[in-house]
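As structure tokens, the structure follows; a few thoughts come after it.
The numbers here are math on the coordinates, done by the rules we state, and not lab data. The structure presented is a predicted model; accordingly, all values stated were derived computationally and were not measured. For neighbour counting, all protein chains shown are included, and Cβ atoms are generated from backbone atoms with ideal geometry for every residue, glycine included.
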């Protein structure tokens, strides 16, 4: 009977603990790598209280899932055009895949067209420059106290 | 097919047909009655009866009833049923005779059970194939995980049956999805068959009398789901004596009370089950908890030999709470009223009126969301079993279901939530069917089961339905190469009970058995099934976010055609049996989701679904040892289930470029070895070994950097698999006083789930390590080793 009692006490503890506990662990699963595809990271951002004339577009390729590096893409011709057909050229900082423009003119509500020519292929996109809604207060609450209050103009 | 056959006209013609046959057979007398278990008065389903002088064999129906017509004379009746002693009696028939039999259990005795060689061996002769019948005695011998024997866990050990993953409710049959199984508890439809992450089923084994799983060759009296039928019957309750049966376990406990209300005429059974781990967890200051409870009730009254009324109810609920920030509750409520009536000794009828209510609710604090959905249905059925002659039995009847779907009532989680209350459009439908089938013995060697079912489905208002340009709720964006939800062009308001869409299908069913000799047979079957209600789920397993939706002009009914071929062999006097079967299925109107479909709060499901087709095929083998100290089986299934969703025209790629891809629940290998070993009257052991190929999954084949975030790029849909699933469960049962039959009888059960603590993968997630930022594959597993002790008692 003593052994039985011990077994019961042991299993009560184990069962209750194990019951609702799932387990998550990093494992080694070999993954295939598909042939690289071009990734165009183009976001025109106009930070408040700046001129918004410095803009950057990053070109890279997809890489193996476990790889630690993202290959950059050089030699592309990157331009953004506004409705009055002004062309903004983005020039690569050599070898980085980052194409920078120093004279960009952001105008809210205008439609911009992006064009990238690389290895005989042309990639295009168009977007309207939209404003971000005004944020008044950000409240972050933990339990019952208010931890952070940020007021923004 | 839109053939307009009035179901009721059909039924009237059947009645006429039946009466003609009936008046013809006045020369003979009928012998009929009910066969029950002597110790607990429960009627027994599928008992074999053989009359050698007339070379007649038959089985009792789901209410324990049998009937046969014979010329006046003297006959020997041989009655046999696995787990019970045979009965052999001589009967002289001079007039219509009612003869009931009580059988004695032999499950406690050890040693071999001798089965007489001149019994009919129903599994060889009957054209029934692709079915597995599990007696509650067999289920009780299997390892009891967490101290509870489980009906669903037992059927997972049968060939052709797998489950999506651990922690998921539902099961998959022959590559079919979870919603393709028609699960019936005393004829009422059960929508969610699991408690507690799929660990327990909603079926309390103490209350179950019998269950049968049809994987193919589905007879005409069943319809509405394409993959399988799991038909479960509850006990009626002992109508002679009171008995109490209970068990106290670490996680849950149960109690059953049964007894007579009017001796020999009326009985009741009430059983409750509940878990209390959440109380221990609270004491340990663990913020997560999970609990469930269920209640089974049944009451029956036998007015006379020809009339019997049953009222049964099932109420169950699950409550999962993670730190009060994610709460999931769901439950089934079933209420069922049935009337058995025997017309002139050879027509057995059952009329049922059923109410079923399945509701589920999720509350997510971080999203401020409280979402509840519900499916209610009202069902009326009338089934007849007409024993026309010893070579012909007719089955016919009608079935009507009215559905009321609430896809979502959305409320804010609490006062600080930003969610606005909303009610998604309720959906209504009416499903009707009429069927007729015949079980016919053409010769000593050849038996047939053939029939036709006509089903009809009407989608009804009141509802506002969206209209789309060109009737296309999903559009293909050629620029971005993706499918998108189309913007509705307007709505049509259908008033209450006005028809929105209607479908009709003829479903032929056919099964043939050819006996090569007394111990071997070949069987073949064909069936066509249609399914009008679907479980919309974006994941491979049935999760709380599943939505039951009825067919309409955009979501068409699924139609399945299945053929199967099998070889059956009993050997060494039925000590062993071998079943080998191969099947092929084709499914029309199998829908799949466009990439990125978001189902939560979606009012128009049609805008994220594309129509496609499915197919599945496989080979199943099962070798069973039926008698002796060691019993059990080895089952192996090799199968493939695929789907294809082509583009709707030459400009669209469809899903996976319109090529066949693995279905979510496709598993190549499924091996199960089950054994029960009765060492001595005091000790018995059980073990299960399960091995299944890993679940289909979509893995990334690369990643890229976007806005400073690592984004995984996914490859072919379901082009990979998780690691294989395998585990061993063991259990031991200790009965201190095995000879005690009266008074308090106790029994200890020790079990270990997942003996070698394998962390079987439930899913893989691909993301960056929180600390190092390197990309990782993370495996989520649900259950490691789980030991358990239960004390069972009955008196």
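Model label points for residue B:756 and residue B:244, set 7 angstrom from Cα along the Cα-to-Cβ axis, are 4.4 nm apart. From most to least packed by mean Cβ count within 10 Å, the peptides A:30-39, B:585-594 give B:585-594, A:30-39. Paramagnetic label reach from residue B:657 (point 7 Å along Cα→Cβ; backbone nitrogen cut-off under 20 Å): within the range B:702-741, residues B:702-703, B:713-721.
Quick check: from the Cα gyration tensor, does the range B:131-794 come out rounded (a/c under 1.5), prolate or oblate?
Details: a/c = 1.42, a/b = 1.22, b/c = 1.16.
Rounded shape, in that the Cα axes give a/c under 1.5.
The range B:444-478 and the range A:60-84 have Cα centres lying 48 Å from one another. Per-residue mean of foreign Cβ neighbours for B:711-717 is 3 (Cβ atoms of other chains, 10 Å radius).
Mean separation of Cα pairs under 8 Å and 6 or more residues apart, divided by the residue count, gives the range B:135-270 a relative contact order of 21 percent.
Using a basic spin-label model with each label point 7 Å from the Cα along Cα→Cβ, how many nm lie between residue B:74 and residue B:445? Spacing of the two 7 Å Cα→Cβ label points: 3.5 nm.
Using r as the Cβ-Cβ distance of residue B:467 and residue B:355, and R0 as 41 Å, what FRET efficiency do you calculate, to the nearest 0.05? It would help to have the intermediate numbers written out before the result.
On the way: r = 34 Å, r/R0 = 0.84.
Once rounded, the FRET efficiency stands at 0.75.
Spatial offset of the range B:199-269 relative to the range B:730-769 amounts to 22 Å, using the alpha carbon center of each. Helix B:7-24 and the longest principal axis of the Cα set of chain B meet at an angle near 10°.
Simple spin-label estimate for residue B:91 and residue B:367 gives 6.1 nm between the two label positions (7 Å along the Cα-to-Cβ direction from each Cα). Take B:176-187, B:459-470 and order them by the average number of nearby Cβ atoms within 10 Å per residue, most first; the result is B:176-187, B:459-470. Here the gap between residue B:477 and residue B:344, fully extended at 0.36 nm per residue and compared with their Cα-Cα distance, gives a gain of 41.2 nm.
Peptides B:91-98, B:655-662 ranked from most to least packed, by the mean per-residue count of other Cβ atoms within 10 Å: B:655-662, B:91-98.
Can you tell me the length gained on complete extension of the stretch residue B:99 to residue B:417, counting 0.36 nm per residue apart and subtracting the Cα distance?
Values: separation 318, 0.36 × 318 = 114.48 nm, distance 6.79 nm.
Stretched out fully, the residue B:99 to residue B:417 stretch lengthens by 107.7 nm.
Treating r as the C-beta distance of residue B:54 and residue B:680 and R0 as 41 Å, the FRET efficiency rounds to 0.40. Computed over the range B:241-311, relative contact order equals 24 percent, with contacts defined as Cα pairs under 8 Å that lie 6+ residues apart. Peptide B:772-783 shows a mean partner chain C-beta count of 5 within 10 Å per residue C-beta. Across the range A:38-128, the mean sequence separation of Cα contacts (distance under 8 Å, 6 or more residues apart), normalised by length, yields a relative contact order of 26 percent. Let me know the shape class of the protein assembly as shown, please: from the alpha-carbon gyration tensor, a ≥ b ≥ c as square roots of the eigenvalues, rounded when a/c is under 1.5, otherwise prolate if a/b is greater than b/c, or oblate. Verdict is prolate for the protein assembly as shown.
Per-residue shielding of A:54-61, expressed as the average number of other chain Cβ atoms within 10 Å of the residue Cβ, stands at 1. Post the alpha-carbon centroid distance, the range B:338-409 to the range B:167-194, in whole angstrom. Centre-to-centre (Cα) distance: 14 Å.
Between residue B:769 and residue B:137, the contour length at 0.36 nm per residue exceeds the Cα-Cα span by 222.5 nm.
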